[in-house]
Amino acid sequence: DVWSDNVVELYEEAVARQWSATRDIPWGDLRELPSDLEHAMCQLCTTLSEIEMIASDLPAKWMWRMNHDFLEAKMFLCTQIMDEARHSEVFRKRALANGGGLLKSRAGPETLLRTILEAKTYTQATALLHLLGEGFILDLFRQGEAIAPTDVEKKIFRMTMQDEARHVAYGTLHLRYAVEHDPDVADEIHEALDHGEAAMVTLGAAPDMSTALAMLLAGGADKVEEVGFPLQQQLAKNQFTSYLARCERAGVSRLDRTQLPLELMGIDVEGLRAKTSGSAR
C-alpha cells in the first residue's frame, strides 16, 4: 500500500538537499514591484502556501497507520512533510515581504485541497496529491523563469521545484507498484481522479488564480490580454498533458476515462498515447 521502488534513492536525495527558506533565499535582493505585479505575486503565493500546507498535512495523516517495516517509505514521507512545510513558509514570507500580504483564500466542500485531504484510502490520496495536485505545481514551478518578476522568486521556484520533483516521482512509481500488485486498486484511483480532475479545473479557472498567472506571464497589466492569458492557457495545456503522461506511467491510463475535453484543450491524445506506450517510468 505504501511502497515505491525508488523510495530509498529519493530519501537519500531529500536529506542531502534540504534548504532553508530564511538562509537560502536572497531576500535582501527583493525590489519594489509595480502594484499590479505585486498583487499578482501575492495572490499566487497565497494560493501556493495553502496548497503546500495540505501537501504537508496529507502524509502526516497517513504515516501513523503505516507498518514500521516500511521504514524507508515512512522516512521519505517525513522529508516530504518537511519540504512542504518549508514551501508553505517560503511562499507566505514572499507574500508578506513587500507589504502586499496574503490575499484571497479558498474554502468549501468541493475544493481540490479538501478532496485530497479527505481521500478514503492512502492510494487515492497519493493519486490526488502526487499525480494531480503536485504534478500541476511542479509544471508551474518549471515555468518559474517566465513567471518570476525578480531573481528572488526565480530562486524560490528553483528550490521548490527540486523538492516537488521527488514527491511526484515517489507518487508515480508508488501507484504503478500498487496497481501491478493489485490491479483492482486501479478502480479506486480512477474514482478519485474523476472527482479530482473536475476540482482541478475549477481551481485553475478561478479568476484570481488565472489572472494572477496571466499578469505575471505578461510582465504587467498592459499586455495581459494579448500575451498573458494565451500563455496562461498554454501553461494549463502543458500541465494537463504532463498529468495524463504521469497517469500512463503509473499504470492508470486516463486517456479513455477522463471527462476532460481533451480535444478542445488542444491535447494530442493519440500522440500522447504513442509516446507513453510501454514507458517504464
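The values are calculated or read from the model by the stated rules, or taken from the named source; none is laboratory data. Not measured: the values here are computed from a predicted model. Please note: Cβ atoms are built from the backbone with ideal geometry, for glycine as well, and neighbour counts cover all protein chains shown. Each accessible area value is taken on the protein alone, full model and side chains, heavy atoms only, with ligands, DNA and RNA left out. Shrake-Rupley method; radii C 1.70, N 1.55, O 1.52, S 1.80 Å.
Summary table
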| read-out | value |
| --- | --- |
| Identity of the residue in the stretch 47-91, touching a Ser or Thr at 6+ places or on another chain (Cβ under 6 Å) and of a type in the set (D, E, K, R), that ends up nearest to SER4 (Cα to Cα) | GLU84 |
| Tally, over the stretch 37-58, of residues that are within 16 Å of ALA97 (Cα to Cα) and either among the aliphatic types (A, V, I, L, M) or more than 24 Å from the chain's Cα centre (by Cα) (or both) | 5 |
| Unmet requirement for GLN233, which otherwise passes all of (1) surrounded by fewer than 19 Cβ atoms within 10 Å (Cβ to Cβ); (2) polar (S, T, N, Q); (3) in contact (Cβ under 8 Å) with a residue 12 or more places away in the chain; (4) farther than 30 Å from ALA73 by Cβ | (3) |
| Enumeration of residues in the stretch 3-22 that are among the charged types (D, E, K, R), under 24 Å from VAL179 (Cβ atoms) and in a loop (DSSP other than H, G, I, E, B) | ASP5 |
| From the options LEU102, LEU96, LEU129, residue that is open to solvent by 10 Å² or more (accessible area, probe 1.4 Å) and assigned to a helix (DSSP H, G or I) | LEU96 |
| Residues located in the stretch 256-274, provided they are of a type in the set (A, V, I, L, M, F, W, C) and in a helix (DSSP H, G or I) | VAL269, LEU272, ALA274 |
| Candidate set: the stretch 23-52, residues that are touching a residue at least 24 places away in the same chain (Cβ under 8 Å) and in a loop (DSSP other than H, G, I, E, B); chosen: the one most open to solvent (accessible area, probe 1.4 Å) | GLU32 |
| Residue count for the stretch 184-213, restricted to those that are of a type in the set (Ser, Thr, Tyr) and over 17 Å from MET265 (Cβ atoms) | 1 |
| Test: VAL252 is buried (at least 16 other Cβ atoms within 10 Å of the Cβ), at pLDDT 95 or above and under 20 Å from VAL168 (Cα atoms) | yes |
| Residues of the stretch 156-206 satisfying the condition of being among the small types (Gly, Ala, Ser) and open to solvent by 20 Å² or more (accessible area, probe 1.4 Å) | ALA165, ALA169, ALA198, GLY204, ALA205 |
| Qualifying residue in the stretch 69-77 (condition: in a helix (DSSP H, G or I), free of Cβ contacts under 8 Å to residues at least 60 places away in the same chain and over 24 Å from the mean Cα position of the chain (by Cα)) | yes |
| Pair list, Cβ < 8 Å and 6+ apart or interchain, from the stretch 136-161 residues that are over 23 Å from ARG246 (Cα atoms) and modelled with pLDDT of 95 or more to residues that are assigned to a loop (DSSP other than H, G, I, E, B) and among the basic types (Lys, Arg) | THR150/ARG31 |
| Qualifying residues in the stretch 66-93 (those that are within 30 Å of GLU38 (Cβ to Cβ) and among the hydrophobic types (A, V, I, L, M, F, W, C)) - the one most open to solvent (accessible area, probe 1.4 Å) | MET82 |
| Test: residue in the stretch 119-126 that is farther than 19 Å from ASN238 by Cα, buried (at least 24 other Cβ atoms within 10 Å of the Cβ) and not small (Gly, Ala, Ser) | yes |
| Count of the stretch 177-189 residues which are over 19 Å from the mean Cα position of the chain (by Cα) and in a helix (DSSP H, G or I) | 9 |
